[in-house]
Every structure is written in structure tokens, then in C-alpha cells.
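Peer 1: Mind looking over this structure? Questions follow.
The values are calculated or read from the model by the stated rules, or taken from the named source; none is laboratory data. Source: prediction; values computed, not measured. All Cβ positions, glycine included, derive from the backbone under ideal geometry; neighbour counts span all protein chains shown.
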Amino acid sequence: MADRSILLIITGGVAAFKSLELIRELGRAGVKSRVILTKAAQEFVTPLSVSALSGEKCFTELFDLNDEAEMGHIELSRSADLVVVCPATADILAKAANGLANDLASTAILATDKRVLFAPAMNVRMWQHEAVQRNVQRLRDDGAIVLDPDEGLMACGEFGPGRLPEISALKARILAELTPDTSLSGQHILITAGPTREPIDPVRYLSNHSSGRQGYAIAEALQARGAKVTLVSGPVSIAPPNGVNLVPVETAQDMLKACETALPADAFISVAAVADWRPAKPAKSKLKIKGGDEPVALEFVENPDILKTLSHKTKNRPGLVIGFAAETNDVEAYARGKLEKKGCDWIIANDVSGDVMGGMNNQVNLITKDGAERSPNASKTQIANWIADRIAKALS
């Protein structure tokens with residue numbers, strides 16, 4: 001990393017102080033940081049502290065005669081290998097998404113020929129606002145990397161998504177962007193994610209709490225290593241990773257059909273929380289449940305077993321088939337039973353008795369016929385990279 005550098009743009013949010021730790025951690029990895037500090041960011045950190053940690057001049061003004069003579073904002077925007085905006089406020093996301101350039105930070109983003117990574121941090125209501133989500137999607141469509149914020153307690157006292165991702169996760173993602181991984185180049189990987197919805201009538205359905213975050217994170221980690229990724233996803237509220245072929249589905253039957261259509265594949269990863277059962281005969285009109293004299297009875301039939309079906313294919317069976325087992329007790333014992341029953345190569349098991357389904361963190365056990373390996377307790381992004389590294393090694 002000795003010859004690698006980033007242009008770090010620090011904007012005016014409470015999380016701005018964490019950017020100092022990011023500069024230090026990247027420096028330990030050998031990555032140099034040139035820094036642009038917006039006027040609002042200077043309310044939280046100072047140019048002196050930034051310069052002391054980065055060992056570089058801190059840039060603050062667009063119309064600075066000395067800075068323009070020495071470097072120039074165009075050269076500054078293109079001299080690094082990656083542009084990182086941390087923290088990325090709603091304001092800078094809006095400017096970047098709409099091509100505004102009224103200060104040094106927004107001008108540098110518009111003028112750069114390098115990829116831009118945004119690490120958002122803001123109030124939960126701001127992050128969830130339609131305008132912010134619209135800007136995020138536009139930036140992603142334009143090829144920028146916009147990370148999802150972490151979920152938790154924020155400085156304002158509210159709880160929810162909006163926290164700056166952990167510095168360790170940001171560092172790992174930046175280092176990955178600076179050293180493109182081609183370990184899965186040429187491999188086609190099929191992955192399922194999210195829940196399925198099984199209709200009861202035109203209004204109601206059966207589903208579960210799966211957010212799709214872990215599956216989407218794995219898809220992104222695989223794509224970042226050069227794989228061609230087909231992501232068959234049930235209904236979720238998160239955006240698909242850049243460069244991934246998304247196939248949206250609703251029911252388990254839809255998901256199986258989409259998976260079979262996507263074959264052949266070098267690996268199949270069944271992360272989706274597929275409903276085991278579905279109503280045998282969904283009503284064609286809304287069931288009138290309240291006020292009835294008799295309780296409503298539903299007849300169920302078993303859904304197709306997607307993991308078992310693909311594991312036992314005689315034609316086009318993926319070389320590596322991986323299942324997920326979400327358990328609330330005796331995790332490894334149930335996972336080994338599932339490994340045998342389904343006929344897959346690996347089972348990745350996790351304990352979902354807490355807030356894993358829908359939450360931001362996870363810990364998994366990788367179970368094979370030869371043994372088991374336990375991951376650290378970490379963010380779902382870090383878990384995804386842990387899994388992707390092992391898949392790359394297996395497929396090599």
C-alpha cells in the first residue's frame with residue numbers, strides 16, 4: 001500500500017471526529033490521505049489536527065490562490081487512487097447526486113476521474129427521507145459506492161440506521177477498493193437472499209423477518225472479487241449492489257424457477273429465508289375474517305426445497321453448494337443434520353435467537369463434512385468478506 005493514496009473529504013457531521021481515526025488507521029496500512037475539510041466540518045475538527053495525522057496540507061477553500069497555484073482543485077481531485085467522503089452528510093449526497101459544485105468538496109467530487117466512496121452518517125429520519133434515498137440511488141446508478149450506515153443509538157438520542165460504519169469496516173472496504181481482488185474472476189455465482197412471500201389472499205401473505213442484508217452483503221463481496229453474481233432476491237427494502245444481476249421474486253416457487261433458469265453456475269449460496277409452507281389455495285378475493293361465526297382455517301402444502309433440489313441435480317449441479325441454517329438452539333447439531341439431509345457441500349449456520357434477522361451484525365459457523373470454523377462476531381459486511389474469502393479459496 002506504500003504507493004496508494006486517497007482523497008478524503010470530511011463534511012460537517014457529528015461523526016467527523018471519527019475521520020481522524022480513519023486517517024490514522026489507513027496510515028498504519030501505508031495509505032496516504034490528502035484531506036479536504038468543508039467549512040461545516042471545521043466546526044467539529046480542525047485543519048491542524050487533520051494535517052498532524054495525515055502529514056499533508058489540509059485543503060479548505062476552492063478560491064485559495066496559494067492552493068490553486070501549488071496543486072489546483074482539478075489535480076487534487078485526480079491525484080489519489082480513490083475519493084472517500086466520510087462522513088457523508090445529506091447535503092453532500094444531494095450535491096453530488098445533482099452535479100452541484102459550489103465549494104471545494106463538491107467541485108472535487110464532480111471533477112475527479114476516480115471512483116468515489118460515500119460513508120453516510122446522519123439522523124435516522126434524514127437517512128430514511130425519500131429525497132436522501134433518491135439521491136443515494138442516483139449516485140449508485142452513476143457508479144459511486146454508497147455504503148449503508150450502521151444501526152444504533154445516535155448522538156441526537158434516536159435509534160436506527162444512520163450511524164457511521166465502524167472504522168475497521170471502512171478501512172477494510174477502502175483497502176479492498178485500493179487493491180482489486182480478482183480471485184473469483186470468471187466464476188458465476190448464484191445466490192438467494194431475503195424472505196419469500198406466500199399469498200393467503202390478494203392482501204395478506206406469510207413471510208418472515210429476513211432483511212436480506214447478509215445475502216446482499218455476500219453478493220457484493222463476491223462481485224468485488226471479480227465474480228459474475230446472479231442475486232435472486234425476495235422482497236427487501238435495500239438496494240442491490242452495483243454490478244450484480246438482480247432477479248426479484250416473491251414466492252418460493254418463483255425463487256426455484258429463477259435459480260434453475262440461472263444455471264449453470266460455479267457455486268450456489270442459499271441465503272434466503274424461504275417459507276417452508278404455503279397456503280394450498282390462496283383466496284382470489286380478500287378473506288373476511290373479522291366478525292365471522294366460524295374461525296378461518298387455512299390448508300398448507302410444502303414448498304419446494306430449493307437447496308436440496310439444486311444439491312441433487314444430475315445436470316448443471318454447481319461445483320460448490322452452500323446452505324444457510326438459521327437456528328435458535330443446538331446450532332451446530334442441527335446444521336450437521338441439514339448438511340446430510342440436503343446433500344450440499346457446506347452449511348453456514350447462525351443463531352438467530354437475538355436480533356440477527358433484520359439486524360446489522362452476525363456470527364456464523366461454517367460446517368463441512370471435514371470440520372467446522374467459527375467466524376468472529378462482526379458486521380454483516382465483515383461476515384460477508386469472511387465467507388467470500390473461503391469461497392474464493394475453495395473455487396481456486
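Peer 1: For residues that are in contact with a Pro (Cβ under 6 Å, 6 or more places away or on another chain), farther than 15 Å from Ala384 by Cβ and not hydrophobic (A, V, I, L, M, F, W, C), tally how many sit in the stretch 139-174.
Peer 2: 5
Peer 1: Do you know which of the residues in the stretch 216-235 that are touching a Gly at 6+ places or on another chain (Cβ under 7 Å) and at pLDDT 95 or above is farthest from Ala349 (Cα to Cα)?
Peer 2: My answer is Pro235.
Peer 1: Tell me yes or no: at least one residue of the stretch 268-277 is modelled with pLDDT of 90 or more, out of contact with any Lys or Arg (no Cβ under 9 Å at 6 or more places or on another chain), in a strand (DSSP E or B) and farther than 26 Å from Lys393 by Cβ.
Peer 2: Checked the stretch 268-277: at least one residue is modelled with pLDDT of 90 or more, out of contact with any Lys or Arg (no Cβ under 9 Å at 6 or more places or on another chain), in a strand (DSSP E or B) and farther than 26 Å from Lys393 by Cβ.
Peer 1: How many of the residues in the stretch 148-172 are within 22 Å of Ser5 (Cβ to Cβ) and either touching a Leu at 6+ places or on another chain (Cβ under 7 Å) or among the β-branched types (Val, Ile, Thr) (or both)?
Peer 2: Of the residues in that region, 4 qualify.
Peer 1: Restricting to the stretch 199-211, what's the tally of residues that are buried (at least 23 other Cβ atoms within 10 Å of the Cβ) and either free of Cβ contacts under 8 Å to residues at least 60 places away in the same chain or over 25 Å from Asp150 (Cα atoms) (or both)?
Peer 2: 0
Peer 1: Okay, next question. Of all residues in the stretch 208-248, which are of a type in the set (Ser, Thr, Tyr) and within 9 Å of Ala193 (Cα to Cα)?
Peer 2: Within the stretch 208-248, Ser210, Ser211, Tyr216, Ser233 meet the criteria.
Peer 1: Moving to a separate point now. Do we find that Ser77 is touching a helix residue (DSSP H, G or I) at 6+ places or on another chain (Cβ under 6 Å), modelled with pLDDT of 90 or more and buried (at least 20 other Cβ atoms within 10 Å of the Cβ) in this structure?
Peer 2: Criteria not met by Ser77.
Peer 1: For the stretch 234-264, what are the residues that are without any contact (Cβ under 8 Å) to a residue 40 or more places away in the chain, exposed (fewer than 15 other Cβ atoms within 10 Å of the Cβ) and either outside the structural domain of Thr314 (by TED's automatic domain parsing) or part of a loop (DSSP other than H, G, I, E, B) (or both)?
Peer 2: Ser237, Gly243, listed by residue number.
Peer 1: When the residues of the stretch 106-133 are narrowed to those that are small (Gly, Ala, Ser) and in contact with a Ser or Thr (Cβ under 8 Å, 6 or more places away or on another chain), which ends up surrounded by the fewest Cβ atoms within 10 Å (Cβ to Cβ)?
Peer 2: The selected residue is Ala111.
Peer 1: Next up: Consider Ala193 carefully, then state whether it is outside the structural domain of Ala29 (by TED's automatic domain parsing), among the small types (Gly, Ala, Ser) and at pLDDT 95 or above.
Peer 2: Taking the combined requirement at face value, the residue satisfies it.
Peer 1: Provide a single number: the residues in the stretch 287-313 that are modelled with pLDDT of 90 or more and either among the hydrophobic types (A, V, I, L, M, F, W, C) or part of a loop (DSSP other than H, G, I, E, B) (or both).
Peer 2: Within the stretch 287-313, residues that are modelled with pLDDT of 90 or more and either among the hydrophobic types (A, V, I, L, M, F, W, C) or part of a loop (DSSP other than H, G, I, E, B) (or both) number 11.
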